[in-house]
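Asker: Right, I'll just put the structure down here and ask away after.
The values are calculated or read from the model by the stated rules, or taken from the named source; none is laboratory data. Owing to the predicted nature of the structure, the values given are computational and were not obtained by experimental measurement. When we count neighbours, we look across all protein chains shown, and the Cβ atoms used for this are built from the backbone with ideal geometry, even at glycine.
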Amino acid sequence: MERKRLLLSFFFSLICLVSFGQTSQITGKVTSASDGSGLPGVSVTVKGTTTGSITDETGSFSINASNKDLLVFSFVGYLPQEVLVGNKKIINVILSDNDTFLNELVVVGYGEQSKKLSTQSISTVTSKSIKDRPVLSPQELLQGQAAGVQMVNSSGQLGANSSIRIRGAASITGGGQPLFVVDGVPLNDGSLSANQGGGTSINPLININTNDIESMSVLKDAAAVSIYGSRGANGVIIITTKKGGKDKKTEINLDTYTGFSSPTGLIGMMNTDQFYQQVNASRTARGLAAVTPNTDYFDWPDAVVQQGRTNNLSLSARGGSANTTFYVSGTYGKESGFTIGNDLNRLSGRLNLEHKANDFLSIGTNISLSNVNLDRIGVENNTFAPLTSAYLQLPYVLPRDANGNLLNTGFIQNVLAIEELNTNLYKAGRLTGNVFANFKLAKDLVFRTDFGMDKNTGDSKARSVDLLAPSGSGSRDLQIDNKWLSTNTLKYFKEFGKSTIDVLAGYSYETSQFDRIAVGGSGYASDGLPNVSSAATPTSTIEERSQWALQSQFLRLNYSLSNKYLLEGTIRRDGSSRFGVNNRYGIFYAMSGGWLVSEESFMKNQDFINFMKLTVSYGTAGNDRIGNFSSLPLYGGGTTADYLGLPGLRPTQTPNPNLTWEETAQLDLGIQTTFFKNIFTLNLNYYDKITSGLLLDVPFPFTTGFASASQNVGRMQNKGVDIDFSANIINKKDLNWTVGLNAGYVKNTVLELPNASVDPDGNRFVAGSAAQRAVEGRSLNEFYMVRANGVNPETGNFEWLDKDGNPTTTYSANNRVFVGSAIPKWVGGLNSNVSYKGVDLGFLFNFSYGNKILIDGLRFTDNVNSAGFNKSIDLLDYWKAPGDQTFVPNLASPTAGLFNQASTLQLQNGSFLRLRNVSLGYTIPSSILKGQKIFRSARIYGMGQNLFLVKDKNFRGPDPEVSANGPNNVIQGESFFALPQAKTFTFGLNLGF
């Protein structure tokens with residue numbers, strides 16, 4: 001009996017097993033949500049198996065599956081979908097377009113707009129592009145990521161300011177940096193550091209933690225920037241920080257990384273043997289006796305270059321309930337540069353909080369507090385700069401005596417002693433934030449009041465010991481820029497019929513007070529006394545205070561008909577204390593329109609173009625980047641106004657009551673389109689902007705007693721094209737691949753200048769440097785130099801070209817001609833990101849094409865006859881016999897001692913292609929983490945920055961990406977031993993709790 005029961009149980013189990021594993025034929029049809037048509041070529045697979053099928057030309061399919069199986073439907077350009085078979089024999093699926101691009105919101109001035117319906121030209125760097133990019137400066141996130149934006153790192157020095165140009169510089173001497181707005185607060189961006197770092201100023205965004213950034217929006221055309229009126233001509237960059245989420249469980253994230261850095265390139269300098277070989281060959285050729293070589297040797301460049309190191313730890317939490325959302329973060333970072341003496345420590349915290357008090361009132365705050373400590377070094381034309389001195393220091397000079405004591409090496413400073421003994425510190429503290437309240441006055445009407453502040457402090461301290469500055473010297477420079485602002489807006493949004501109207505009206509007032517106290521002294525009894533008060537002789541006492549205020553009213557109106565025909569108008573009235581009493585108020589405006597061509601009926605019968613929008617805009621914006629008192633009559637006292645031993649005053653500036661803003665008028669024509677199942681996105685914009693009333697210091701005749709005064713004179717034009725292309729090539733559950741390419745072309749022309757400075761050929765110009773100037777009829781950054789023709793292989797003489805292009809062995813500055821511009825014709829970037837299951841790989845290239853770079857330090861390293869500086873190893877390549885193709889002329893030639901004079905010999909092709917960033921990461925699958933309750937997510941990654949560079953094969957210099965004068969408009973692309981970019985390898989860990 002028992003045996004029969006076992007047998008029945010066995011057969012019953014077998015039947016159940018067969019029934020459970022039995023498959024049946026499933027049929028159905030896949031259609032498009034947009035037009036209901038059948039989709040051919042859709043992949044239909046049984047999840048977790050290799051079983052699959054593809055829909056036919058009508059969208060129909062057939063596949064064998066069990067009732068427990070999940071069918072996965074995927075097709076390029078559409079969102080994938082999963083369906084449980086269950087008891088169904090027929091499964092029909094509707095796939096939705098992957099049109100997330102069209103449903104995005106973009107951040108604009110004082111609000112957000114639908115990307116689909118916006119008529120503004122805006123490039124956005126999203127959190128997806130920012131994520132897991134360990135960079136020190138927010139500006140670096142823009143490099144190669146936004147069409148029409150040129151971002152140049154001025155130096156490899158930690159904390160150095162960068163140069164950003166949006167669609168070219170809109171001013172000559174009135175400043176060229178964009179306006180930065182963080183969570184609605186326009187930042188002051190003046191440098192608050194003493195001139196401790198040569199020509200490289202401190203980055204004004206150094207206090208912002210990039211981990212806190214949600215997105216960066218670059219406002220480019222008049223429709224976008226005119227809402228900021230008098231400060232929008234150079235473009236606007238809006239930085240939005242992370243917020244919490246409603247009814248969202250608290251998420252804690254820990255991000256930490258460590259990295260190593262080294263210079264991307266160095267100049268090859270001679271050792272002692274090579275130095276004396278060259279010196280004695282030169283002396284012998286000139287009929288002089290050879291000198292006895294010194295056998296000592298010290299590799300100065302190797303001594304000042306080290307392996308840089310960076311460590312960063314960031315902890316954040318975000319979440320919220322139905323009524324309260326929050327984001328809180330804290331970050332500590334420590335970085336050492338690849339040259340000695342350059343260190344940076346940063347501690348920052350942020351709190352973003354919003355609470356819905358009731359149905360009509362919500363309140364909130366965004367607050368950021370940070371502190372940055374910099375151990376600074378000199379750069380550029382500064383013998384206190386590690387690399388500058390290391391290049392020029394004679395190779396046989398030793399830093400220490402036989403007892404190991406540091407030595408004073410004379411004019412070329414002992415930079416090892418400077419680093420070990422001197423003090424050169426900078427502390428930057430910043431408190432930025434706002435508090436706001438939103439009042440819902442009616443269903444369609446919201447009033448917002450916002451109070452913001454930006455308190456920025458810079459504290460510079462320097463102390464030189466007796467060894468390097470006899471009796472010692474010291475200084476302290478404290479600068480505080482304290483700004484507050486009040487903004488009140490009223491927003492009305494209404495839909496009626498096929499029309500939608502969106503109105504924003506606002507009033508704002510902001511003021512900023514700048515204070516500076518600086519003291520200096522010399523003569524210290526001991527190197528152990530650090531403070532200026534211990535100095536016997538005061539050398540400087542400075543106290544300054546200035547203030548400015550801006551009052552504004554603005555209005556923006558958006559109208560759309562059938563979500564197809566778009567119209568936007570903006571007007572802003574600004575009143576600024578910086579300008580003359582006759583022109584204190586200015587009005588700026590913009591009009592723009594858009595047409596969603598893809599919504600028209602004649603576009604419905606084709607399936608190649610999924611979305612197309614045409615836009616046009618025209619408007620004006622201003623530039624107020626001048627001193628606070630440039631329009632006023634000023635008087636000075638002190639020792640310069642001494643009158644027969646008595647205190648007095650003397651006039652130092654003539655008034656100009658008509659001084660007003662530079663005004664930039666801009667036309668923009670654009671097309672935005674997605675096509676081929678929304679896989680490809682292409683944005684094209686043509687722009688033409690003209691700045692009139694340029695703010696220039698116009699020289700006065702010597703007899704007036706004044707050197708110059710600020711006036712509104714001159715005009716300049718930038719016109720070009722922005723191209724932004726992206727492709728979502730693969731979009732499946734486990735595999736994704738995206739590619740993006742952006743490029744910007746710009747042609748800059750100075751249309752008109754005052755008749756104050758004229759060259760011998762009658763060209764009006766504004767001088768920038770000895771080699772570069774803004775020239776009427778040419779560009780803002782035109783190089784004006786003698787042309788080098790190289791060594792004549794038959795005679796061994798170095799030749800230049802005269803003005804008519806004829807070779808000559810006589811160097812003369814009178815033969816200077818225009819030899820190219822520092823402004824690139826094209827800038828842009830290429831990026832790609834691939835992810836497969838938990839593995840992700842991404843890279844970013846950026847490029848610059850069509851610009852010149854002046855490596856001015858070569859005039860010193862190429863000095864054949866000088867015995868006071870070390871020399872480039874290139875000087876060993878000198879002419880010896882007819883037919884020699886060499887870099888250096890015959891050492892006996894009269895031209896040998898002159899061939900290093902300023903000419904195109906130092907002017908280089910600045911075009912480059914750089915692998916800016918490459919990253920490889922692995923995210924641990926959630927299925928592995930499911931069994932524990934601590935970790936929500938985990939990712940490890942490795943990243944390399946500046947790993948690969950393509951440049952002109954004849955380029956001489958460490959790096960073509962340089963503009964060591966920082967944001968200076970009239971001097972771009974010049975370097976005097978500026979630090980090259982850093983090559984960095986970083987390893988990081990992201991944990992979610």
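Asker: Of these, 566, 561, which one is of a type in the set (A, V, I, L, M), crowded, with 16+ Cβ neighbours inside 10 Å and touching a strand residue (DSSP E or B) at 6+ places or on another chain (Cβ under 8 Å)? Walk me through it before giving the result.
Answerer: On the way: 561 fails: crowded, with 16+ Cβ neighbours inside 10 Å.
Exactly one of 566, 561 is of a type in the set (A, V, I, L, M), crowded, with 16+ Cβ neighbours inside 10 Å and touching a strand residue (DSSP E or B) at 6+ places or on another chain (Cβ under 8 Å), namely 566.
Asker: So, of the residues in region 593-624 that are modelled with pLDDT of 95 or more and of a type in the set (S, T, N, Q), which turns out to be farthest from residue 564 (Cα to Cα)?
Answerer: Looking at the filtered set, the residue picked out is 620.
Asker: Just for region 763-788: of the residues that are surrounded by fewer than 20 Cβ atoms within 10 Å (Cβ to Cβ) and not hydrophobic (A, V, I, L, M, F, W, C), which one is modelled with the lowest pLDDT?
Answerer: For region 763-788, the residue satisfying everything is 769.
Asker: So residue 578 ticks every box in (1) assigned to a strand (DSSP E or B); (2) crowded, with 16+ Cβ neighbours inside 10 Å; (3) among the basic types (Lys, Arg) but one. Which box is left unticked?
Answerer: Result: residue 578 fails condition (1) only.
Asker: Go through region 389-442 and give me each residue that's basic (Lys, Arg) and either crowded, with 21+ Cβ neighbours inside 10 Å or closer than 24 Å to residue 157 by Cα (or both). Show your work before the answer.
Answerer: Taking region 389-442 as the starting set, the residues that turn out to be basic (Lys, Arg) are 400, 427, 430, 440.
Answer for region 389-442, where residues must be basic (Lys, Arg) and either crowded, with 21+ Cβ neighbours inside 10 Å or closer than 24 Å to residue 157 by Cα (or both): 427, 430.
Asker: Given the criteria in a loop (DSSP other than H, G, I, E, B), within 25 Å of residue 535 (Cα to Cα), at pLDDT 95 or above and assigned by TED's automatic domain parsing to the domain that holds residue 428, does residue 466 qualify? Write out each step before concluding.
Answerer: Values: in a loop (DSSP other than H, G, I, E, B): yes; within 25 Å of residue 535 (Cα to Cα): yes; at pLDDT 95 or above: yes; assigned by TED's automatic domain parsing to the domain that holds residue 428: yes.
So residue 466 fits the description; yes.
Asker: On to the next question. Can you work out which of the residues in region 864-873 that are at pLDDT below 95 and either closer than 17 Å to residue 956 by Cα or not polar (S, T, N, Q) (or both) is surrounded by the most Cβ atoms within 10 Å (Cβ to Cβ)?
Answerer: At the first step, the residues of region 864-873 found to be at pLDDT below 95 are 864-869.
If we keep only those that are either closer than 17 Å to residue 956 by Cα or not polar (S, T, N, Q) (or both) too, we end up with 864, 867-869.
On the way: 864: 24, 867: 14, 868: 11, 869: 16.
Ranking the candidates gives 864 first.
Asker: May I ask you to list the residues in region 52-85 that are part of a strand (DSSP E or B), touching a residue at least 40 places away in the same chain (Cβ under 8 Å) and among the polar types (S, T, N, Q)?
Answerer: Listed by number, the residues that qualify are 64, 74.
Asker: Taking region 865-887 as the region of interest, how many residues are in contact (Cβ under 8 Å) with a residue 12 or more places away in the chain and closer than 23 Å to residue 390 by Cα?
Answerer: 11
Asker: State all residues of region 947-981 that are crowded, with 24+ Cβ neighbours inside 10 Å and assigned to a strand (DSSP E or B); if no residue qualifies, say none.
Answerer: Within region 947-981, 974, 975 qualify.
Asker: In the list 311, 294, which residue meets the criterion of being assigned to a loop (DSSP other than H, G, I, E, B) and touching a residue at least 24 places away in the same chain (Cβ under 8 Å)? Quick ask: steps written out before the conclusion?
Answerer: Numbers: 311 fails: assigned to a loop (DSSP other than H, G, I, E, B).
Sole residue among the options that is assigned to a loop (DSSP other than H, G, I, E, B) and touching a residue at least 24 places away in the same chain (Cβ under 8 Å): 294.
Asker: Restricting attention to region 304-331, which residues are of a type in the set (Ser, Thr, Tyr) and farther than 21 Å from residue 239 by Cα? If you could, list the steps in order and put the result at the bottom.
Answerer: So in region 304-331, the residues of a type in the set (Ser, Thr, Tyr) come out as 310, 314, 316, 321, 324-325, 327, 329, 331.
If the condition is that a residue be of a type in the set (Ser, Thr, Tyr) and farther than 21 Å from residue 239 by Cα, then 310, 321, 324 are the ones that fit.
Asker: Also, quick follow-up: From the list 571, 587, pick out the single residue that is among the β-branched types (Val, Ile, Thr), part of a strand (DSSP E or B), touching a Leu at 6+ places or on another chain (Cβ under 6 Å) and under 27 Å from residue 669 (Cα atoms).
Answerer: Only one candidate qualifies: 571.
Asker: Something else: From 864, 888, 834, which residue is closer than 28 Å to residue 919 by Cβ and not aromatic (Phe, Trp, Tyr)? Lay out the reasoning, then the answer.
Answerer: Details: 864 fails: closer than 28 Å to residue 919 by Cβ; 888 fails: closer than 28 Å to residue 919 by Cβ.
It is 834.
Asker: Could you grab me the full set of residues in region 370-384 that are under 30 Å from residue 244 (Cα atoms) and touching a Ser or Thr at 6+ places or on another chain (Cβ under 7 Å)?
Answerer: Result: 370, single match.
Asker: Related question: Confirm whether residue 417 is among the small types (Gly, Ala, Ser) and without any contact (Cβ under 8 Å) to a residue 40 or more places away in the chain.
Answerer: Values: among the small types (Gly, Ala, Ser): yes; without any contact (Cβ under 8 Å) to a residue 40 or more places away in the chain: no.
So residue 417 fails the test.
Asker: Within region 678-692, which residues are in contact with a Ser or Thr (Cβ under 9 Å, 6 or more places away or on another chain) and either of a type in the set (A, V, I, L, M) or assigned to a loop (DSSP other than H, G, I, E, B) (or both)? Give the derivation first.
Answerer: Within region 678-692, the subset in contact with a Ser or Thr (Cβ under 9 Å, 6 or more places away or on another chain) is 678, 680-685, 687, 689-692.
Listed by number, the residues that qualify are 678, 682, 684, 690.
Asker: Okay, next question. Looking at region 89-114, which of the residues that are at pLDDT 90 or above and assigned to a loop (DSSP other than H, G, I, E, B) is farthest from residue 239 (Cα to Cα)?
Answerer: 89
Asker: Would you mind stating whether residue 493 is assigned to a strand (DSSP E or B) and surrounded by fewer than 16 Cβ atoms within 10 Å (Cβ to Cβ)?
Answerer: Working: assigned to a strand (DSSP E or B): yes; surrounded by fewer than 16 Cβ atoms within 10 Å (Cβ to Cβ): yes.
Yes: the conditions hold for residue 493.
Asker: Give 706, 675 a once-over and let me know the one that is in contact (Cβ under 8 Å) with a residue 40 or more places away in the chain and out of contact with any strand residue (DSSP E or B) (no Cβ under 6 Å at 6 or more places or on another chain). Even if it seems obvious, please write down each step before you answer.
Answerer: Details: 675 fails: out of contact with any strand residue (DSSP E or B) (no Cβ under 6 Å at 6 or more places or on another chain).
Within the list 706, 675, the selection yields 706.
Asker: When region 127-154 is examined, which residues are found to be small (Gly, Ala, Ser), in a helix (DSSP H, G or I) and out of contact with any strand residue (DSSP E or B) (no Cβ under 6 Å at 6 or more places or on another chain)? Give the derivation first.
Answerer: We begin by selecting, within region 127-154, every residue small (Gly, Ala, Ser); these are 127, 129, 137, 144, 146-148, 154.
With in a helix (DSSP H, G or I) added as a condition, the list becomes 127, 129.
Result: 129, single match.
Asker: State yes or no: is residue 150 at pLDDT 85 or above and at negative phi?
Answerer: Working: at pLDDT 85 or above: yes; at negative phi: yes.
Against the criterion (at pLDDT 85 or above and at negative phi), residue 150 qualifies.
Asker: So how many residues does region 823-863 have that are hydroxyl-bearing (Ser, Thr, Tyr) and buried (at least 19 other Cβ atoms within 10 Å of the Cβ)? It would help to see each step written out before you state the result.
Answerer: We begin by selecting, within region 823-863, every residue hydroxyl-bearing (Ser, Thr, Tyr); these are 832, 835-836, 848-849, 861.
Pick out the ones that are also buried (at least 19 other Cβ atoms within 10 Å of the Cβ) and you get 848, 861.
Final tally of qualifying residues: 2.
Asker: Whether any residue in region 866-880 is of a type in the set (A, V, I, L, M) and over 39 Å from the mean Cα position of the chain (by Cα) is what I want to check.
Answerer: Within region 866-880, the first condition is being of a type in the set (A, V, I, L, M), and the residues that meet it are 867, 873, 875-876.
Then drop every residue that is not over 39 Å from the mean Cα position of the chain (by Cα), which leaves 867, 876.
Yes: region 866-880 contains one or more residues that are of a type in the set (A, V, I, L, M) and over 39 Å from the mean Cα position of the chain (by Cα).
Asker: Among the residues in region 754-762, are any at pLDDT 95 or above and either under 22 Å from residue 961 (Cβ atoms) or surrounded by fewer than 19 Cβ atoms within 10 Å (Cβ to Cβ) (or both)? Walk me through how you get there before you give the answer.
Answerer: Of all residues in region 754-762, those at pLDDT 95 or above come to none.
No.
Asker: Looking at this structure, is residue 893 crowded, with 17+ Cβ neighbours inside 10 Å, within 30 Å of residue 835 (Cα to Cα) and hydroxyl-bearing (Ser, Thr, Tyr)? Even if it seems obvious, please write down each step before you answer.
Answerer: Numbers: crowded, with 17+ Cβ neighbours inside 10 Å: yes; within 30 Å of residue 835 (Cα to Cα): no; hydroxyl-bearing (Ser, Thr, Tyr): yes.
It is false that residue 893 is crowded, with 17+ Cβ neighbours inside 10 Å, within 30 Å of residue 835 (Cα to Cα) and hydroxyl-bearing (Ser, Thr, Tyr).
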